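Just so it is clear, none of the values below were taken in a lab; they were calculated from the coordinates. All values reported here derive from a predicted model rather than from experimental measurement. Reconstructed Cβ throughout: ideal geometry from the backbone, glycine too, with neighbour counts over all protein chains shown.
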Amino acid sequence: MSSHPETGHPFPEPGVPVIRNVNWGGLRTLYIKEVRRFFKVQLQTVWAPAVTTLLFLVIFTVALGGGGRMVELQGQQIHFADFIAPGLIVMGMLQNAFANASFSLLVGKIQGTIVDYLMPPLSTAEVLTALTGGAVTRAFCVGATVWLAMALWPGVSVVPQHLWAVLWFGLLGSAFLALLGVLTSIWAEKFDHAAAVTNFVVAPLSLLSGTFYSVEKLSPLFQTISHLNPFFYIISGFRYGFLGVADSPILLGSGVILALDAALALLCYALLRSGWKLKN
């Protein structure tokens, strides 16, 4: 084995890997890069979505919640503002997790800097973990900002009854949209493609997930359709963390989203490993 002429440190033999397990340094560096990227424009990536979500609360409570309007959920009467607040928080988290993850690889392909993701000594799992982690971090930053604004807003109660459910379903939902964003970023060839997924998939599914209404009041057909929407389970479980009641069984929703997260992670891993639409 040869050694460095000045330091005396041995050089590894050709073909012998230097990083044998997880490249924690590289993983941390890529994660920090993703977080710094959205923090540099935090007025647009964190504060603007928080203000938009708060405006949703103001508009809907003024338009529909006046006069002490109540919503019946699992036999309990809940104030309308308290009912929609958790859904608005997690909806903002989901949309921003997708926005962050769907931008990373796509802008690299468009600007020709995709090599910055492909060349470093990072495994496919490490790249996927860093991209997903950055998107989840942005989602929780937005969620915390919206929650704080709603906590200070008069007439709305956003005190968690089950903090574990808030964190668990916030994590599962953010990871789900982050992985969907990575998948979109791999497939898309221009910003129009990512915008199409946002406008025709993410936005409709989030708005038709029971954020502004109780699924119990729908007809049996639309209740069945709602139960096929993964966003429904995320919002229902997240709302349970604040209100203590939910539209669907918590264990069922947790299992559905966890299975979808695993399936999406495997799909993204396979596509990243093959270099589909990244190396060609």
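From least to most packed, judged by other beta carbons within 10 angstrom and beginning with the fewest, T52, T224 follow the order T224, T52. The charge dipole of the stretch 24-274, taken about the Cα centre with unit charges on the Cβ atoms of Lys, Arg (+1) and Asp, Glu (-1), comes to about 480 debye, rounded to the nearest 20.
In the chain, the DSSP-assigned H stretches of four residues or longer account for a calculated mean residue ellipticity at 222 nm of -21500 deg cm²/dmol, using -39500 (n - 2.57) per stretch and the full residue count as denominator. The relative contact order of the chain comes to 23 percent, based on Cα pairs under 8 Å that sit 6 or more residues apart. Residues S226, S274, arranged from fewest to most other Cβ atoms within 10 angstrom of their Cβ, appear as S274, S226.
One chain, two ends: T124 and V245. Fully extended at 0.36 nm per residue, the span grows by 39.6 nm beyond their Cα-Cα distance.
Spacing of the modelled spin labels on V201 and M70, each 7 Å from Cα toward Cβ, amounts to 4.1 nm.
Highest-first packing order for the peptide set 169-177, 234-242 is 234-242, 169-177, based on the mean count of other beta carbon atoms within 10 Å. For the stretch 24-274, a/c is not less than 1.5, where a ≥ b ≥ c are the root eigenvalues of the C-alpha gyration tensor, and a/b tops b/c. That puts it in the prolate class.
Listed peptides 31-44, 139-152 appear in the order 139-152, 31-44 once ranked by packing, highest mean of other Cβ atoms within 10 Å at the front.
What's the extension gain from A151 to T29 if we count 0.36 nm per residue and subtract their Cα-Cα distance? Intermediate results must be reported in sequence, preceding the final value.
Numbers: separation 122, 0.36 × 122 = 43.92 nm, distance 3.43 nm.
Length gained between A151 and T29: 40.5 nm.
Taking square-rooted eigenvalues a ≥ b ≥ c of the alpha carbon gyration tensor, is the stretch 135-252 rounded, prolate or oblate, where a/c under 1.5 means rounded and, failing that, a/b exceeding b/c means prolate? Intermediate values should be presented prior to the final figure.
Details: a/c = 1.87, a/b = 1.25, b/c = 1.50.
Oblate, since a/c reaches 1.5 and b/c is not below a/b.
Taking label points 7 Å from Cα along the Cα-to-Cβ direction, D192 and E216 give a separation of 4.6 nm. In this simple spin-label approximation, R36 and Q223 carry label points 7 Å from Cα along the Cα→Cβ vector, and these lie 5.3 nm apart.
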